[in-house]
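Notes to accompany the following structure.
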Amino acid sequence: MLNSQQEAAAAADTGFTLILAGAGTGKTTTLVEKVRNVIQSGIAQPDRIMLLTFSRAAAEEMKRRIAADVPSADALTAGTFHSVALSILRAFGEEWKQMRNFKGNPSVIDEEKQREVLFSLAAGRIGDFLGLPLDTIVWLCTTFNRKRGASLRGYSLVQDALADLLCGYEDYKSAHSLADFGDLIRDCCRLMREFP
């Protein structure tokens with residue numbers, strides 16, 4: 001049973017709803033009820049609904065709970081931000097390849113492979129980093145890579161070397177038709193803008 005605030009958030013209305021709530025406050029229950037209400041009121045068909053979350057388990061749980069009451073809910077899309085972005089990119093694979101100048105079909109690399117590539121590239125340029133350990137260089141690259149444009153205060157002496165290393169990393173991914181997790185979200189947004 002929902003409380004009054006949850007009921008207001010779960011109402012079948014059009015537009016956007018922002019729900020700010022802490023752990024254990026019933027966000028999933030409220031969202032499940034919202035989707036049920038939207039489907040049952042006819043505002044949107046299940047195949048026009050996308051549920052995005054941070055964990056696969058949460059996405060599967062929400063879809064299962066909705067489908068228990070609304071059998072047609074099997075048609076809705078539910079998944080993590082990265083998995084849904086990858087599905088969209090693969091559905092438009094030729095456009096993705098064209099957009100990123102990939103020669104072959106793209107492969108996704110995990111954070112471990114990303115670090116491995118960055119270690120290899122940084123090791124070949126270690127002299128550019130004024131004695132910084134490889135671990136620190138790679139940490140700076142991955143942090144900077146996730147937050148492009150972030151400040152590197154305190155590292156101004158190696159800022160150009162880091163920028164060059166990141167360019168080398170981008171070139172490596174392009175030459176090998178690779179995308180990392182950060183690329184999936186960026187590429188999906190870019191694909192939608194460039195190939196509406």
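The values are calculated or read from the model by the stated rules, or taken from the named source; none is laboratory data. Computed from a predicted structure; not experimentally measured. Every residue, glycine as well, gets a Cβ built from its backbone with ideal geometry; the counts of neighbours run over all protein chains shown. In case anyone asks, the SASA skips ligands and DNA or RNA and just uses the protein heavy atoms, side chains included. Shrake-Rupley method; radii C 1.70, N 1.55, O 1.52, S 1.80 Å.
Amide H contacts of ALA78 (H built 1.01 Å from N, in plane; Pro and chain starts excluded): LEU51 sit under 5 Å, all sequence-distant by 5 or more or on other chains. Couplings 3J(HN,Hα) of the range 120-126, computed from phi: 4, 5, 5, 4, x, 10, 4 Hz, in residue order, whole Hz [Karplus 6.51 cos²θ - 1.76 cosθ + 1.60, θ = phi - 60°; x for Gly and Pro]. How high is the FRET efficiency from CYS167 to LEU130, r the C-beta distance, R0 22 Å, rounded to 0.05? The computed FRET efficiency comes out at 0.70. Along the axis of the charge dipole computed for the chain (Cβ charges of +1 for Lys and Arg, -1 for Asp and Glu, origin at the Cα centre), the listed residues THR142, THR53, SER83 are led at the positive end by THR53.
Note on the chain: with charges restricted to the Cβ of Lys and Arg (+1) and Asp and Glu (-1), its dipole about the Cα centre is near 200 debye.
Residues whose amide H comes within less than 5 Å of that of ASP180, counting only those at least five positions distant or on another chain, are ILE109 (H built at 1.01 Å from N in the peptide plane). Reported to the nearest whole Å, the Cα centre-to-centre distance from the range 56-85 to the range 8-42 is 14.
So what is the calculated 222 nm ellipticity per residue for the chain, using -39500 (n - 2.57) for each DSSP H run with n of 4 or more, over all residues, to the nearest 500 deg cm²/dmol? Walk me through the numbers on the way to the answer.
Numbers: 9 runs with 111 residues, N = 196.
When only DSSP H runs of four or more count, the value is -17500 deg cm²/dmol.
In sequence order, the range 21-28 has phi-based couplings of 7, x, 5, x, 9, x, 4, 5 Hz under the Karplus curve 6.51 cos²θ - 1.76 cosθ + 1.60, θ = phi - 60°, and Gly or Pro positions carry x. Partner lysines whose Cα lies under 22 Å from the Cα of LYS97, excluding those fewer than 8 positions away in the same chain, are identified as LYS113, LYS173. Over the chain, give the accessible area per residue in Å² for a 1.4 Å probe, as an integer. I get 61 Å² per residue for the chain.
Across all Cα atoms of the chain, the radius of gyration (one decimal) and Dmax (whole number) stand at 21.5, 64 Å.
Using +1 at the Cβ of each Lys and Arg and -1 at the Cβ of each Asp and Glu in the range 26-129, identify which of ALA122, GLY93, GLY42 lies farthest towards the dipole's positive end. Looking along the dipole axis, the top candidate is GLY42. Using C-alpha pairs below 8 Å separated by at least 6 residues, the relative contact order for the chain is 20 percent.
Taking 0.36 nm per residue of separation and subtracting the Cα-Cα distance, full extension of the segment from ILE185 to LYS113 would add 24.1 nm.
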